[in-house]
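Inspection log for the structure reproduced underneath, given as structure tokens.
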Ligand code: AMP
Ligand code: ZN
């Protein structure tokens with residue numbers, strides 16, 4: 001998708017600190033971390049949000065969930081939050097599906 005920043009990261013056109021990868025997804029550190037662990041799990045295919053990818057490619061949506069577990073394991077974290085902002089009023093700013101893997105600090109205490 002032209003002008004999609006996460007498509008450009010997937011294509012290697014924009015640098016990112018990639019921490020894990022599967023055939024369908026990549027995980028990289030959020031550029032503006034909100035918690036001690038803040039990694040984004042991102043599909044290689046462009047879909048606007050988690051519902052869209054869940055409809056179009058359920059295996060790719062599931063891959064994001066499985067990859068989040070691997071990211072947490074690799075970071076030495078047992079429990080974590082996986083958040084998919086869906087729509088601008090919910091805080092979505094990048095319209096390429098991504099889950100926020102968050103752990104540590106206040107983020108682990110509950111919903112803000
Ligand atoms: P959302 O607001 O849910 O759409 O989340 C977008 C996230 O992408 C934010 O937490 C940003 O800090 C993050 N972000 C934006 N650009 C980049 C980038 N080039 N590399 C890593 N993370 C980014
Ligand atoms: Zn994209």
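Over the chain, with a Gaussian network built from C-alpha contacts below 10 Å, which listed residue (59, 90, 72) shows the highest mean-square fluctuation?
90
With everything on Cα atoms, drop me the angle between helix 58-74 and the longest principal axis of the chain, reported from 0 to 90° to the nearest 10.
40 degrees
Using only alpha carbon pairs under 8 Å that are at least six residues apart, calculate the relative contact order of the chain and give it in whole percent. Mind dumping the intermediate values first?
On the way: 179 pairs, mean separation 33.7, N = 112.
With pairs under 8 Å counted, the relative contact order is 30 percent.
When the helix-only estimate is applied to the chain (DSSP H runs of n ≥ 4, each -39,500 (n - 2.57), divided by the residue count), what is the mean residue ellipticity at 222 nm, nearest 500 deg cm²/dmol? Present the calculation step by step, with values, prior to reporting the outcome.
Numbers: 3 runs with 30 residues, N = 112.
-8000 deg cm²/dmol, from helical runs alone.
Relative to the compact-globule scaling 2.2 N^0.38 Å, provide the ratio for the alpha-carbon radius of gyration of the chain. Please list the in-between numbers first.
Values: Rg = 13.2 Å, N = 112, 2.2 N^0.38 = 13.2 Å.
Computed over Cα atoms of the chain, the ratio equals 1.00.
Just how far, in whole angstrom, is the stretch 67-104 from the stretch 15-62 if you go by their alpha carbon centroids?
For the stretch 15-62 versus the stretch 67-104, the Cα centre distance is 8 Å.
If r is the Cβ-Cβ distance from residue 17 to residue 62 and R0 is 22 Å, what FRET efficiency results, to the nearest 0.05?
Values: r = 24 Å, r/R0 = 1.11.
Given R0 = 22 Å and the Cβ-Cβ separation, E is 0.35.
Taking every Cα atom in the stretch 51-102, find the radius of gyration and the maximum pairwise distance Dmax, and write them in Å.
Radius of gyration, then largest Cα-Cα span, for the stretch 51-102: 11.9, 33 Å.
Using label points projected 7 Å from each Cα along Cα→Cβ, tell me how many nm separate residue 32 and residue 93, to one decimal.
Computed distance between label sites residue 32 and residue 93 equals 0.2 nm.
All of the numbers you see were taken from the coordinates with simple rules; none came from a lab. Keep in mind it's a predicted model, so treat the numbers as computed, not measured. FYI the Cβ positions are ideal-geometry reconstructions off the backbone, even for glycines, and counts take in every protein chain you see.
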